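Novice: Take a look at the following structure, please.
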Amino acid sequence: MAGARCSVMLLAAALMLAGAVLGSGERPRLLGAPVPVSENDEGVQRALQFAMAEYNRASNDKYSSRLVRVISAKRQLVSGIKYILEVEIGRTTCPKSSADLQNCELHEEPEMAKLTTCTFVVYNIPWLNEIKLLKSNCQ
């Protein structure tokens, strides 16, 4: 009886030690949860271009806006790929008819530059060549 009790105690101690060792590392991510991704990722770049084109198309401003910086980028695998992008955008000196926004300068006066933080959610199904802007929220 004492031998069985000692075996149970040793087993319990071994399990606690194994749990402590295994639990000390990075926990596995929840499958399907959004994960951080580099702003240089090809999919993120396509999603940013699409989101900015849609933003400018919907805007009533006579000037185009362009990306100033990426604050955060996440990717979520759903029935396609969802990109959750938090970015800072600014108003350029170029009218909306301008084609090359990356070469457009931002307004120098802060009230004209209108730096704005936006959250864009872009849904992409690459194998169907389908892309949609699900959310555009700017403050």
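The values are calculated or read from the model by the stated rules, or taken from the named source; none is laboratory data. Just so you know, these numbers come straight off a predicted model, no measurement behind them. For neighbour counting, all protein chains shown are included, and Cβ atoms are generated from backbone atoms with ideal geometry for every residue, glycine included. Note: areas computed on protein heavy atoms with side chains; ligands, DNA, RNA excluded. Shrake-Rupley method; radii C 1.70, N 1.55, O 1.52, S 1.80 Å.
Novice: Would it be correct to say that Val78 is in contact with a Leu (Cβ under 9 Å, 6 or more places away or on another chain), without any contact (Cβ under 8 Å) to a residue 60 or more places away in the chain and closer than 23 Å to Val37 by Cβ?
Specialist: No, not satisfied.
Novice: Looking at region 37-57, which of its residues are open to solvent by less than 80 Å² (accessible area, probe 1.4 Å) and in a helix (DSSP H, G or I)?
Specialist: Gly43, Val44, Gln45, Ala47, Leu48, Phe50, Ala51, Met52, Ala53, Glu54, Tyr55, Asn56 - these are the residues of region 37-57 that are open to solvent by less than 80 Å² (accessible area, probe 1.4 Å) and in a helix (DSSP H, G or I).
Novice: In region 60-139, which strands (runs of 3 or more DSSP E) lie fully inside it and hold 2 or more residues that are open to solvent by 30 Å² or more (accessible area, probe 1.4 Å), in contact with a Lys or Arg (Cβ under 8 Å, 6 or more places away or on another chain) and within 16 Å of Gln45 (Cβ to Cβ)?
Specialist: Values: elements: 63-77, 81-95, 116-125, 130-138.
Fully inside region 60-139 and qualifying: 81-95.
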